[in-house]
């Protein structure tokens, strides 16, 4: 089932840390991509379903610059086939010795309406990537050319990225803290719960700023929830 606009909108308004809490309540502990962060805090948050690509180690008789001219080159296909509104998630085996992508490929993703790109490796041409404005997450910068280390092997299959399982159409959310993976069948309920939790935390933040104790406020109690309902009605 495609990501609904309501769920997408809710996910743009919540933080990755809140989403990890919601997933923990459902027994999911390994959903945050450790060591992966945004190229810049100035880039917008990222929400979209996963379209995956997997690298394996390169080999000299197969991988060279000439291979990029082929219309069957898997990395090139990923850039042209990742659907609008989705996130390209690249399994680079945590290896940032060579680039998983550069500014021209990422610029093409932006032009095609892709929602973002994530890798547990790294990118080259960072100034150019930042100019595109596409949300982009990596482990660390990787300037050397891709085929020195990576061979693009396949598309849209289950992968691992930063130690997290990513299945095609899982929902990927990124903010200034990092990236979380939400199983597709949980996305609607998790997004709604996270949105509600975010609204309550806004209320709690205002209460704390006015001098209220954390006790009886966070975690929420029946009394504080009733007070929150009054506060929210006033905001609406």
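Things to note:
- Looking at 108, 8, just one residue is in contact (Cβ under 8 Å) with a residue 12 or more places away in the chain, out of contact with any strand residue (DSSP E or B) (no Cβ under 6 Å at 6 or more places or on another chain) and surrounded by fewer than 21 Cβ atoms within 10 Å (Cβ to Cβ), and that residue is 108.
- Residue check: residue 41 meets all listed conditions (1) in contact with a helix residue (DSSP H, G or I) (Cβ under 8 Å, 6 or more places away or on another chain); (2) assigned to a loop (DSSP other than H, G, I, E, B) but one, namely (1).
- Answer from 134, 109 - the residue that is under 16 Å from the mean Cα position of the chain (by Cα) and in a helix (DSSP H, G or I): 109
This table checks each residue for (1) closer than 19 Å to residue 25 by Cβ; (2) more than 32 Å from the chain's Cα centre (by Cα).
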| residue | (1), (2) |
| --- | --- |
| 188 | yes, no |
| 195 | yes, no |
| 200 | yes, no |
| 203 | no, no |
| 211 | no, yes |
| 216 | no, yes |
| 235 | no, no |
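- For the range 11-29, the set of residues classified as under 11 Å from residue 195 (Cα atoms) and either part of a loop (DSSP other than H, G, I, E, B) or free of Cβ contacts under 8 Å to residues at least 24 places away in the same chain (or both) consists of 13, 14, 15, listed by residue number.
- Hits in the range 85-105 (condition: over 15 Å from the mean Cα position of the chain (by Cα), surrounded by fewer than 23 Cβ atoms within 10 Å (Cβ to Cβ) and outside any helix (DSSP H, G or I)): 93, 94, 95, 96, 97, 98, 102
Where a number appears in this text, it was derived from the coordinates with a stated rule and is not lab data. This one's a predicted model, so the numbers in the text were calculated from it and none came from an experiment. Every residue, glycine among them, receives a Cβ derived from its backbone with ideal geometry; neighbour counts consider all protein chains shown.
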